[in-house]
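Q: My structure is below; once you've seen it, I'll send some questions.
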Amino acid sequence: MAIPIFRASISQSQIQPSIHYFSATRSRVDETNKKRKMVLSCSPSQFRPTRSEVSFSVGTYLIPHPKKVDRGGEDAFLVSSYEGGVIAVADGVSGWAEEDVDPSLFPRELLANASSFVGDEEVNYDPQNLIRKAHAATSFIGSATVIVAMLEKNGTLKIANVGDCGLRVIRCGDVVFATSPQEHYFDCPFQLSSQKAGQTYLDAVVSKVELMERDTIIMGSDGLFDNVFDHEMVSIIASYTDVSEAAKALANLASNHAKDSNFDSPYSIEARSRGIEVPFWKKILGMKLIGGKLDDITVIVGQVVSS
């Protein structure tokens with residue numbers, strides 16, 4: 001993500017969280033309950049609306065932008081075992097670096113605050129309220145897109161999303177739910193900001209999804225969704241029985257696509273659809289805008305399991 005909102009000229013209890021800021025190398029994080037295997041059978045008796053209490057079995061993986069490896073990138077993510085499980089991704093807006101501001105500080109503090117408010121009475125286990133309190137408590141200059149998902153033990157997944165981080169729900173080989181990005185214009189997404197021009201929790205798209213046991217959730221920063229198609233995500237999930245390995249495979253696929261100048265990525269297809277093209281002399285030669293998009297890539301894979 002490249003453009004901060006100040007350039008857009010638009011008015012506008014028992015908690016065991018894990019919040020991660022990433023080392024300078026590729027990072028995989030395994031929580032205590034994450035070594036359970038994914039179950040991919042699609043028989044009606046196994047894919048059913050949840051009746052018993054459920055939770056997430058979660059795997060995570062991050063690959064920083066190649067030029068930001070020494071700083072660990074500008075994404076942050078949160079995994080908490082509170083209630084059925086809470087997952088979140090925040091993606092720092094890189095354009096702040098041109099203002100001599102470290103873009104990673106705002107998303108890190110934002111999710112650090114979110115981790116402390118997960119069980120707060122005012123939050124009332126509501127992702128939009130969690131964004132509200134976390135944003136209000138964030139003091140660093142900067143901005144970030146953010147997505148938060150909170151699983152109730154009865155199987156209801158509550159989602160609040162500001163910007164272009166995303167989430168997919170995969171059931172029996174199909175994407176049955178997908179978030180949509182919010183943006184002011186191409187490459188300038190909605191974003192929580194330290195500036196008044198930014199968005200607030202009121203701008204979040206709020207969704208509820210009734211999950212089934214063995215549904216798989218994929219959450220990530222735009223570095224994932226700009227470089228990997230939904231059908232590729234479905235294929236990866238079908239190929240792995242471990243959530244951590246699935247997260248790693250998705251991140252690696254996104255990284256490979258991002259570096260491939262000949263890959264017609266979701267990002268390049270969307271850019272062309274918005275009228276963004278190569279210089280005229282390249283068009284004369286029959287060339288078109290193509291290739292992946294280099295970015296930080298954060299992936300969370302969660303499977304719904306009986307508690």
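What follows draws every value from the coordinates through simple rules; no lab data is involved. Computed from a predicted model, the values in this text were never measured in an experiment. Note: ideal-geometry Cβ built from the backbone for every residue, glycine included; neighbour counts use all protein chains shown.
Q: How much length is gained if the chain between Asp120 and Asp264 is pulled fully straight, taking 0.36 nm per residue apart and subtracting their Cα-Cα distance, in nm to one decimal? Write down the numbers at each step before the final one.
A: Numbers: separation 144, 0.36 × 144 = 51.84 nm, distance 4.45 nm.
Taking Asp120 through Asp264 to full extension adds about 47.4 nm, to one decimal.
Q: Need one number: nm distance between label points at Val176 and Leu294, each 7 Å from Cα along Cα→Cβ, rounded to one decimal.
A: Those two pseudo-labels are separated by 4.0 nm.
Q: Follow-up question, since we're still on this one. Rounded to the nearest 5, what is the percent of antiparallel bridges among the DSSP beta bridges in the range 153-250? The partial results should precede the final answer.
A: On the way: 17 of 18 bridges.
For the range 153-250, the DSSP antiparallel bridge percentage is about 95.
Q: Same structure, new question: What is the set of long-range amide H partners of Phe177 at a cut-off below 5 Å, with H atoms built 1.01 Å from backbone N?
A: Val169
Q: Is the range 216-282 rounded, prolate or oblate when judged by the Cα gyration tensor, a ≥ b ≥ c being the square roots of its eigenvalues, rounded requiring a/c under 1.5 and prolate requiring a/b larger than b/c? Working shown, then result.
A: Values: a/c = 3.12, a/b = 2.48, b/c = 1.26.
Prolate, because a/c is 1.5 or more and a/b exceeds b/c.
Q: Continuing with the same structure: Of Lys133/Lys293; Lys68/Lys248; Lys67/Lys259; Lys67/Lys248; Lys208/Lys293; Lys67/Lys293, which pairs sit farther than 23 Å apart, going by alpha carbon to alpha carbon? Don't skip to the end; give the middle numbers.
A: Working: Lys133/Lys293 32 Å; Lys68/Lys248 19 Å; Lys67/Lys259 12 Å; Lys67/Lys248 20 Å; Lys208/Lys293 30 Å; Lys67/Lys293 13 Å.
Pairs exceeding the cut-off: Lys133/Lys293; Lys208/Lys293.
Q: Moving on. Show log10 I(q)/I(0) for the range 57-195 at q = 0.12, 0.14, 0.15, 0.21 Å⁻¹, two decimals, from a solvent-free Debye sum over equal Cα scatterers.
A: The Debye formula, applied to the Cα set alone, gives -0.48, -0.66, -0.75, -1.36.
Q: With a ≥ b ≥ c taken as the square roots of the eigenvalues of the C-alpha gyration tensor of the range 111-270, please select rounded if a/c is under 1.5 and otherwise prolate if a/b is larger than b/c or oblate if it is not?
A: Numbers: a/c = 2.07, a/b = 1.25, b/c = 1.65.
Oblate shape, in that a/c is at least 1.5 and b/c is the bigger or equal ratio.
Q: Please give the length that would be gained between Ser235 and Glu99 if that part of the chain were fully extended, namely 0.36 nm times their separation in residues minus their C-alpha to C-alpha distance (nm, one decimal). Mind showing how you got there, number by number?
A: On the way: separation 136, 0.36 × 136 = 48.96 nm, distance 4.09 nm.
Value of the extension gain: 44.9 nm.
Q: Please state, to two decimals, what the Cα-based radius of gyration of the range 194-307 comes to when divided by 2.2 N^0.38 Å (N = residues). Numbers along the way, then the final one.
A: Numbers: Rg = 17.7 Å, N = 114, 2.2 N^0.38 = 13.3 Å.
Output field value: 1.33.
Q: Still on this structure: Sort the range 145-230 into rounded, prolate or oblate with this rule: let a ≥ b ≥ c be the square roots of the eigenvalues of the Cα gyration tensor; rounded if a/c is under 1.5, and if a/c is not under 1.5, prolate when a/b is larger than b/c, oblate otherwise.
A: Details: a/c = 2.98, a/b = 1.54, b/c = 1.93.
Oblate shape, in that a/c is at least 1.5 and b/c is the bigger or equal ratio.
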